[in-house]
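The structure appears right after this line, and notes come after that.
Every number in this text was worked out from the coordinates using simple rules, so none of it is lab data. This structure is a prediction, so every number in the text was calculated from the model and none was measured. Because the Cβ atoms are built from the backbone with ideal geometry, glycine has one as well, and the counts that use them run over all protein chains shown.
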Amino acid sequence: MVNYNTQKKCSAGYLCTGGSDSAYPIEYTNRSNNNRKCPTGYYCTQGATSPSTCATGTYQNSYAQSACKLCPPGYACTTTGLTNPNANCAAGYLCYEGATTTTPTDGTKGELCPVGSFCATGSSKDLKFEDGKKTTTTGQSTCSNCIAGKYCINSIEYNCPTRRYCVAGSVRGELCEPGTYNEGSTGLTAANSCTTCPERVYCIDGTKNSGYCESGHICTGGSGTPLPTNTYVSATSTNYICPLGRYCLKAGASGTNGPTDCSTSKYTYSAGSDALDDCLPCTAGYYCPTSSYVPFVCPAGKYCVKGVTSATDCPINTVRTSTGAQYERACVQCPAGYFCDVIALGSLTGKQCSVGKFCPIGTSAEIN
């Protein structure tokens, strides 16, 4: 038992308003209903007879405490007597320990979010902008894209360099697409801002100095490779492999930038031929007219020796019913029972010997 004649101060964290038989009153006594633990939202010093309210910037969520807790980082305790922090730090601000407002600016209990960073609601530490983002002011709560024509690193903005274009949010910008270049301008904002590669050369990595296109290929402008493979159709075809029947020299800085015809009765048999030596005589069984770059199969009733520009007629008394004859001997004698009365005969239809007539082998007319 406590000796009531011996007075002692009530312990810190407790209230003794009179008649307490303990320095640590835990529950109401028979002498007073105010001898108790210090309530939440308050603190009680040693010997206190009444609780002290927690100040702004502090709170207390436990009983029997002799001091209040500082408001934790990222929060604000904006009124007195709080049992828990009553607000999150405002977006665009940083709240440090003991913040009394959601928008602190004193630099001790908080501040505006610094340039180059963003601060979401409830922040105690700023977050740096990722590359491609930027800000030039304090108090930012979200990221903004670097503007088109610029790129951003560590929230610092730079002009988009040559050879590249920069869309909004660029980190380093993109190289101009193959077949285009940018050698003199900064600040390009889109791929179509790059310049089309000129004829004779190809463009990669944003420069037109990549080199001349290779022999056997023609670069008419806008090529992203020295070996374009489009099919040649007409004089308006673009960036193509040298077509059959012709050859294509390396254009270089000057000279013909297009296919060169082979000489009469010669032809190239593969696409991409790059020298005069690739022009070979027209194959036997075909003829190569000067008006065409494609060899024609020798028709029925004719024969084509190697290197000719036109087919030769099979002579009278002979017939050739299939195509591709390579020599005159492929024109065979008119068979018995038929007559072959014209040159270049390619079919025996209508040439059967009449009833009562005689048609020996190799005849050109019916015999009575």
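If you build a Gaussian network model of the chain, linking Cα atoms that sit under 10 Å apart, which residue out of I147, I316, I204 swings the most?
The residue that fluctuates most here is I316.
For region 1-149, report the convex hull volume of the alpha-carbon atoms normalised per residue, in Å³, without decimals.
Output value, Cα hull per residue: 94 Å³.
Just to confirm a number: summing +1 for Lys and Arg and -1 for Asp and Glu over residues other than C44 whose beta-carbon lies under 13 angstrom from that of C44, what do you get?
Combined, the nearby Lys, Arg, Asp and Glu give +3.
Charges only on Cβ, +1 for Lys and Arg, -1 for Asp and Glu: so what's the dipole of the chain about the Cα centre, in debye to the nearest 20?
960 debye
Pulled fully out, how much extra length does the chain show between A120 and E183, if you take 0.36 nm times their separation in residues and subtract their Cα-Cα distance?
Full-extension gain reported as 18.5 nm.
Distance cut-off 30 Å, Cα to Cα: go down the list K302/K357; K125/K150; K9/K109; K69/K125; K266/K351; K128/K150 and report the pairs above it.
Among K302/K357; K125/K150; K9/K109; K69/K125; K266/K351; K128/K150, the Cα-Cα distance tops 30 Å for K9/K109; K266/K351.
Given a Förster radius of 51 Å and the C-beta distance between R172 and N84 as r, what FRET efficiency does 1/(1 + (r/R0)^6) yield to the nearest 0.05?
0.60
Lone cysteines in the chain, going by a 4.7 Å Cβ-Cβ cut-off?
That list is C143.
What Kirkwood hydrodynamic radius do you get for the chain when you take the inverse of the mean 1/r over all pairs of distinct Cα atoms, in Å?
Computed over the chain, the radius equals 30.6 Å.
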